[in-house]
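Notes follow the structure.
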Amino acid sequence: TAGQNATAGQNATAGQNATVWDTTVWDTRLGTMVSPECEPILAKAGLAWLTKPFKCSAGNHSTKPIVVGTGLGDTGTHSVAAAVEALGFQSCHRWKINLELLRLSRPDDLRPFASADAYFDSPMAALLPRLACAFPNLRAVHTTRAVYARNYARSSPRSAQQAAKSAALGETRTTKCDLARPQLQQNFIARCIEYGSPCPTQAVASAAFEASHARLAFLPAAQVLVMNLSAPHGFDRGRLATFLRGNASALGNPDEFIPRATKRNGGAGQADTDCYWSSTYLEVKPPGGYHHHHKQRKFKYGLSSNTS
């Protein structure tokens, strides 16, 4: 199965179960249950349609071969997003912008995602079936690992560094799951789409992890690259470069691991991937650039006559 391939770091059978677009009703959740807490959160955001089955029919498609990172958080998505950008793709690793593009989309039209070349971060993994319908030439870079242990419901931070950060902000793990906190509503929306819960336990996160593997079956094998962080050579530069550019040396030594993504100041962490936009859908990035947290950023959406 596709899930087994992801665990093994191979692509051999991904996509074998793909069927005809215009006759298949896809279940976007693939067995992942949406908790009762998520229903009002998604309804208020106008995104409840994401949890419902849909029929992929003709129309509202784009021929653009976008790249979608379908791995969940903690599987190396930052590093791969930076490597994809280094290959010349206009890449975006910003979960808040992914949500904004979703709000600009409709159940039968996800073409706002044609604004950039590649997308990573939440909740892209859960969007694969719908995006594969809207973008038949889509290519998926699926990052995975042997053990997935994300747990938003844990009572203590995972490291001393996180403990210090949480203390400075006056936060604990439990307050990060407090549904009454208005500043966390965006987080809850993203988690509900990707995990089916605003505060996923390890068991819930593991179920979403397996579902992200299973969704790969919606694509032909040639359009899927599985990169296993835990496997020997699973994150080799040459595999990604060959998949996206047909040149194993396009990122340098093909046998070297993709380097860990870094911030502009040299510290490890957020991938240095600005979100560049096509003026067809959104405002072009201003000359000085902007960061994802700028509240004054405005988006303009309007389909042109050329939607490819």
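The values are calculated or read from the model by the stated rules, or taken from the named source; none is laboratory data. Predicted, not measured: the structure shown is a model, and the values here were computed from it. Because the Cβ atoms are built from the backbone with ideal geometry, glycine has one as well, and the counts that use them run over all protein chains shown. We work out accessible area using only protein heavy atoms, side chains counted, and drop any ligands, DNA or RNA first. Shrake-Rupley method; radii C 1.70, N 1.55, O 1.52, S 1.80 Å.
For Ala48, the test of being closer than 19 Å to Gln186 by Cβ, free of Cβ contacts under 8 Å to residues at least 24 places away in the same chain and open to solvent by 10 Å² or more (accessible area, probe 1.4 Å) is passed. hydroxyl-bearing (Ser, Thr, Tyr), part of a helix (DSSP H, G or I) and either touching a residue at least 12 places away in the same chain (Cβ under 8 Å) or open to solvent by less than 10 Å² (accessible area, probe 1.4 Å) (or both): does that describe Ser79? Yes.
Given the structure, is Asn5 of a type outside the set (Asp, Glu), modelled with pLDDT under 80, surrounded by 16 or more Cβ atoms within 10 Å (Cβ to Cβ) and assigned to a loop (DSSP other than H, G, I, E, B)?
Details: of a type outside the set (Asp, Glu): yes; modelled with pLDDT under 80: yes; surrounded by 16 or more Cβ atoms within 10 Å (Cβ to Cβ): yes; assigned to a loop (DSSP other than H, G, I, E, B): no.
Considered against the rule, which asks whether it is of a type outside the set (Asp, Glu), modelled with pLDDT under 80, surrounded by 16 or more Cβ atoms within 10 Å (Cβ to Cβ) and assigned to a loop (DSSP other than H, G, I, E, B), Asn5 comes out as no.
Selection of the range 29-45 for residues being among the hydrophobic types (A, V, I, L, M, F, W, C), open to solvent by 30 Å² or more (accessible area, probe 1.4 Å) and modelled with pLDDT of 90 or more yields only Ala43.
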